[in-house]
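The values are calculated or read from the model by the stated rules, or taken from the named source; none is laboratory data. On a predicted model such as this, the values are computed, not experimentally measured, just so you know. Cβ sites come from the backbone with ideal geometry, for glycine too, and all protein chains shown count toward neighbours. Side chains are part of the model used for accessible areas, which takes the heavy atoms of the whole protein and leaves out ligands, DNA and RNA. Shrake-Rupley method; radii C 1.70, N 1.55, O 1.52, S 1.80 Å.
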Amino acid sequence: MKTLNIKQALSYSLIALLCIGGLVSCSSNDDVNDSSNTPPVINTVSLAEEGDLTPTDVGYANNMYIIQGSGFLFLEKIYFNGTDTYFNPTLVTDTAIFVTVDQNTPYENASNELKLVTKGGSVTYPFVIAPPAPQILKGFNPVNANDGDEVTIYGNFFLDPVVTFGTIEAEVISNTLTEIVVKAPVGSNKKYITVTTISGEATTTYAVGTALYDDVWYNGWDVESWNNQVYVTDDKAAQGTTYFKKDMGGWDNLQGNWNWDDQLADYSGIRLSLKGEAGSKLKLVFNGNWDDATAPIIELTNEWKDYYFTWEELFNPAAVQNISFQEFTGDGGVYYFDNFGYVLK
């Protein structure tokens, strides 16, 4: 059987609507009265898009669908997952309904049913309302997790997620729509994390084992307390739960501790998450070269932003020894720091 396409469906709907309006004598009054006592039947539901209509049992909010079947003329109500959904009566015929899923239709702990109510009765039809594609909004923590450690992933729309580290599936210990706790599988080091749901997938922008600082410092990296920075734990971090800030005077600085890491073969550079008042600036003082006239000058916004610097931009260092910053407007201000680490090649 040839698949009906949307142009055909619209044409048939228009003809049927003309019949309903009395402009074309397509049925007798007896037929109309009989149909008012006929329970509706749903055969298929399809996304209203150009081309052949493909039946589906999964829908998304704010998308229009075509319900095909019979007994729709005297439609009174449409429910998706129990949500009373508006429909335009002029887009309803005896065999087709054009309806848009309401944006507030629930998708978690829902009935996964489409229900039609007409004068002749009602019918339910299995139909899943899927969430938007998953989003990873504040990364994961700890970044430097060992195999077997619990890792928390922060984001949204995590409905029935499958989590992989690279291609290795992880055990999901618990999850809500905004957080997933998984066990890092064997072989997780230097792997990106992907969250997959019925609606799509999202992958972290940095890999396991690449942190210098996430919620804590690693491997001797830190900022000594005489810098007078303040650590803050709340829901405003760029990554995880904890970041640090400093009220810096004009041309003031924040000096990182000295260290040595020459194991750089797997990396292409460093990453930093920073914010400040709009228009504020920081000079990146890399490996203690305070007099470098070509050092990167970072222009900040009042929202967290990730900044990336390649080894080439940092003059191909043999090792990472020091990461410091200088206030570079001369006016000072409060500066925020989070999520320091390496970028995999």
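Looking at the structure I just gave you, is VAL186 among the aliphatic types (A, V, I, L, M), assigned to a loop (DSSP other than H, G, I, E, B) and surrounded by fewer than 20 Cβ atoms within 10 Å (Cβ to Cβ)? Spell out the reasoning first.
Numbers: among the aliphatic types (A, V, I, L, M): yes; assigned to a loop (DSSP other than H, G, I, E, B): yes; surrounded by fewer than 20 Cβ atoms within 10 Å (Cβ to Cβ): yes.
For VAL186, the condition - among the aliphatic types (A, V, I, L, M), assigned to a loop (DSSP other than H, G, I, E, B) and surrounded by fewer than 20 Cβ atoms within 10 Å (Cβ to Cβ) - is met.
In this structure, is LYS191 at pLDDT 95 or above, closer than 17 Å to TYR335 by Cα, open to solvent by 50 Å² or more (accessible area, probe 1.4 Å) and part of a loop (DSSP other than H, G, I, E, B)?
No; evaluated as a whole, the condition is false for this residue.
Taking region 121-142 as the region of interest, how many residues are touching a Leu at 6+ places or on another chain (Cβ under 9 Å) and in a loop (DSSP other than H, G, I, E, B)?
Result for region 121-142: 3.
For ASN316, work out the one condition from (1) touching a Lys or Arg at 6+ places or on another chain (Cβ under 7 Å); (2) within 22 Å of LEU344 (Cβ to Cβ) it doesn't fulfil.
(1)
Restricting region 105-135 to residues that are among the small types (Gly, Ala, Ser) and closer than 27 Å to THR194 by Cα, which is farthest from the chain's Cα centre (by Cα)?
To start, the set of residues in region 105-135 that are among the small types (Gly, Ala, Ser) comprises 110-111, 120-122, 130, 133.
If we keep only those that are closer than 27 Å to THR194 by Cα too, we end up with 110, 130, 133.
On the way: ALA110: 21, ALA130: 13, ALA133: 6 Å.
Per the criteria, the residue is ALA110.
Listed here are the residues, each with its yes/no results for (1) open to solvent by 20 Å² or more (accessible area, probe 1.4 Å); (2) in contact with a Gly (Cβ under 6 Å, 6 or more places away or on another chain); (3) farther than 30 Å from VAL41 by Cβ; (4) touching a residue at least 60 places away in the same chain (Cβ under 8 Å).
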residue	(1), (2), (3), (4)
THR95	yes, no, no, yes
GLN135	yes, yes, yes, yes
ASP147	yes, no, yes, no
VAL162	yes, no, yes, no
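Out of the residues in region 258-292 that are small (Gly, Ala, Ser) and either under 14 Å from VAL343 (Cα atoms) or touching a His at 6+ places or on another chain (Cβ under 9 Å) (or both), which is surrounded by the fewest Cβ atoms within 10 Å (Cβ to Cβ)? Break it down stepwise before answering.
Initial filter on region 258-292 (small (Gly, Ala, Ser)): 265, 268-269, 273, 276, 278-280, 288.
Filter once more, so that each one left must be either under 14 Å from VAL343 (Cα atoms) or touching a His at 6+ places or on another chain (Cβ under 9 Å) (or both): 265, 268-269, 273.
Values: ALA265: 6, SER268: 14, GLY269: 16, SER273: 22.
Ranking the candidates gives ALA265 first.
Does ASP252 satisfy being modelled with pLDDT under 95, open to solvent by 20 Å² or more (accessible area, probe 1.4 Å), within 25 Å of GLU277 (Cβ to Cβ) and of a type in the set (Asp, Glu)? Let's see the steps before the verdict.
Numbers: modelled with pLDDT under 95: no; open to solvent by 20 Å² or more (accessible area, probe 1.4 Å): yes; within 25 Å of GLU277 (Cβ to Cβ): yes; of a type in the set (Asp, Glu): yes.
It is false that ASP252 is modelled with pLDDT under 95, open to solvent by 20 Å² or more (accessible area, probe 1.4 Å), within 25 Å of GLU277 (Cβ to Cβ) and of a type in the set (Asp, Glu).
Which ranges mark the strands (runs of 3 or more DSSP E) fully within region 293-345 that have 1 or more residues being of a type in the set (Asp, Glu), out of contact with any Phe, Trp or Tyr (no Cβ under 7 Å at 6 or more places or on another chain) and open to solvent by 20 Å² or more (accessible area, probe 1.4 Å)? Before you say what the answer is, go through the steps one by one.
Numbers: elements: 297-299, 305-310, 323-327, 333-344.
In region 293-345, the matching strands (runs of 3 or more DSSP E) lie at 297-299, 305-310.
If you scan region 66-104, which residues turn out to be outside any loop (DSSP other than H, G, I, E, B), within 33 Å of the chain's Cα centre (by Cα) and within 12 Å of LYS115 (Cα to Cα)?
ILE67, LYS77, ILE78, TYR79, PHE80, THR83, ASP84
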